[in-house]
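Report on the structure given below.
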Amino acid sequence: MTLRRWAALAAFVLFAPGAQAAEPIKIGFSMELTGPLAVVGKSGLLAFKIWEEETNAKGGLLGRPVKLVYYDDQSNPSNVPGIYEKLIGIDKVDLLISSYGTNLVVPALPVAISHKRLFFGLFALAANKQFNYPKYFSMLVFGPNPTKSFSQGYFDLVLAQTPKPKSIAIVAADAEFSRNASDGARANAKAAGLAIVYDKSYPPTTVDYTPIVRAVQATNPDFVYVASYPPDTVGILRAIAEIGLKTQMIGGAFVGLPAAALKTQLGPLMNGVINVELWEPVKTMEFPGIMAFIKTYQAKAPAEGVDPLGYFLPPFAYAELQALGQAVAATGTLDEDKLAAYMHANTFHTIVGDFAFGPDGEWTESRPIWVQYHDIKGNDLEQFRRPTTVSILAPEKYKTGEMIYPYTKARN
């Protein structure tokens, strides 16, 4: 065959109908890449990228590559609606997922609803309670009654102590997530017959938490429940250490504590704290595939400048896309009505275990863990790589240690 005929044949193969590369399946979202929540958001983005890379290495979905389309929401809820309008109207993404956290998920949900789009919320507490949108799904482990179950385990631990505590102080940020968390804590406290001696919220712009902790101390509570986002978590725990808060238990929802940046900032100030968490690198929680993911994540994290451990958001961010990918592969379509019907009717097998979705998009079973930090010395990262500074107290099937009570014993 002559060179000219080879060239003609090559051109025909390259430009023939159906021979060009398939259009990618575009998955759109906003993410906190700057601002106060970037310490968590950027770690979630790396997990998404790992899923994208691994999925494409296996041939993509429906014979098409997958492509992430995302924008920085700057940790600012007011930026979120415009980003999702752009993703839908201009970028024409095929599927929508969310930024990290309740405060950033809730502003996106009305946009998804107005366009009748399937929407996957990442770490959003009861985001769908006011909408009851049938095409919303939640990547969070708190089950069909998340507002209550978010703090139920903490109260179970409280009520197991002798003598039984009688009073509680509730401290929460005045923001969507913390309001939902404190609503559940308040209901659990009343159900347990506990006296609520302090129950106030603080503005998200707060920088000095000392007056708040002093006000809590003045009420002399038997234990304290806190619902905070990462920046306030640091400020509150520093104020508690400065004042020397006198109470039997301190904890609840100090969001961000599993992140390496907060661990190394706070160090021993975490000792004794009891916190709701989702996963720890312990034998009882080695779900199929998760340790391989952690190994891949930790190898990539230094170059990306993100959380070097990846124990908080990353496994669940990856598992969210696993579930979405499983639904697409099983149905053989991107039709979001068909995907939603499948997702409501089936169990998903992921690196964070198996789960199914109920009618409101929440998990059908609640599976948080309750941990206590202890024996933290200094601010060295290496002590946090293995579970030597944290014990899982509940539930029983994941338990790795006993509670140190009162919490001040763990701080000596």
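The values are calculated or read from the model by the stated rules, or taken from the named source; none is laboratory data. Here the structure is a predicted model, which means the values were calculated and not measured. With ideal geometry, Cβ positions are generated from the backbone for all residues, glycine too; neighbour counts draw on all protein chains shown.
How many residues, within the range 369-386, are in contact with a helix residue (DSSP H, G or I) (Cβ under 6 Å, 6 or more places away or on another chain) and under 19 Å from F287 (Cβ atoms)?
Count: 2.
Residue by residue through the range 295-313, note down the ones that are surrounded by fewer than 21 Cβ atoms within 10 Å (Cβ to Cβ) and either of a type in the set (V, I, T) or not in a helix (DSSP H, G or I) (or both).
Hits for the range 295-313 are T296, G305, P308.
Quick check on F316: is it part of a helix (DSSP H, G or I), out of contact with any Asp or Glu (no Cβ under 8 Å at 6 or more places or on another chain) and within 24 Å of G41 (Cβ to Cβ)?
yes
Somewhere in the range 337-356, is a residue among the aromatic types (F, W, Y), in contact (Cβ under 8 Å) with a residue 24 or more places away in the chain and under 30 Å from E242 (Cβ atoms)?
no
Going by the conditions given, is V197 surrounded by 19 or more Cβ atoms within 10 Å (Cβ to Cβ), β-branched (V, I, T), on the phi < 0 side of the Ramachandran plot and not in a helix (DSSP H, G or I)? Spell out how you get there, then give the answer.
Numbers: surrounded by 19 or more Cβ atoms within 10 Å (Cβ to Cβ): no; β-branched (V, I, T): yes; on the phi < 0 side of the Ramachandran plot: yes; not in a helix (DSSP H, G or I): yes.
No; evaluated as a whole, the condition is false for this residue.
Which of the numbered conditions does P288 fail, given that it passes all the others? Conditions: (1) part of a loop (DSSP other than H, G, I, E, B); (2) at negative phi; (3) in contact with a Pro (Cβ under 9 Å, 6 or more places away or on another chain).
(3)
Would you please list the contacts, defined by Cβ atoms under 6 Å and residues six or more apart or on different chains, that run from a residue in the range 248-276 that is in contact (Cβ under 8 Å) with a residue 40 or more places away in the chain to a residue that is among the acidic types (D, E)?
Partner pairs satisfying both residue conditions: Q248/D222; P258/E277; A259/D307; A260/D307.
For every residue, the table says whether it meets (1) under 23 Å from M403 (Cα atoms); (2) among the hydroxyl-bearing types (S, T, Y).
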{"site": "I196", "(1), (2)": "no, no"}
{"site": "V213", "(1), (2)": "no, no"}
{"site": "N220", "(1), (2)": "yes, no"}
{"site": "Y229", "(1), (2)": "no, yes"}
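Looking at (1) under 17 Å from the mean Cα position of the chain (by Cα); (2) under 25 Å from F119 (Cβ atoms); (3) in the same structural domain as Y133 (by TED's automatic domain parsing), which is the only condition I294 fails?
Here I294 meets the rest and fails (2).
With modelled with pLDDT under 95, surrounded by 18 or more Cβ atoms within 10 Å (Cβ to Cβ) and touching a Phe, Trp or Tyr at 6+ places or on another chain (Cβ under 9 Å) as the only criterion, which of A189, A175 stands out?
One residue alone meets the criteria, A175.
Of the residues D354, D335, D360, which is over 29 Å from Y398 (Cα atoms) and either charged (D, E, K, R) or not assigned by TED's automatic domain parsing to the domain that holds A292 (or both)?
Answer to the selection: D335.
When N180 is evaluated against the numbered criteria (1) within 19 Å of L125 (Cβ to Cβ); (2) touching a strand residue (DSSP E or B) at 6+ places or on another chain (Cβ under 8 Å); (3) surrounded by 21 or more Cβ atoms within 10 Å (Cβ to Cβ); (4) not hydroxyl-bearing (S, T, Y), which criterion, by number, is the only one it fails?
The single condition N180 does not satisfy is (2).
Just to be sure I understand, how many residues within the range 265-293 are modelled with pLDDT of 95 or more and β-branched (V, I, T)?
The total comes to 4.
Of the residues Y84, Y100, which single one is surrounded by 24 or more Cβ atoms within 10 Å (Cβ to Cβ), at pLDDT 95 or above and farther than 25 Å from L257 by Cβ?
After ruling out the rest, the residue left standing is Y84.
Quick check: anything in the range 93-100 touching a helix residue (DSSP H, G or I) at 6+ places or on another chain (Cβ under 6 Å), assigned by TED's automatic domain parsing to the domain that holds V352 and of a type in the set (D, E, K, R)?
No - not one qualifying residue is present in the range 93-100.
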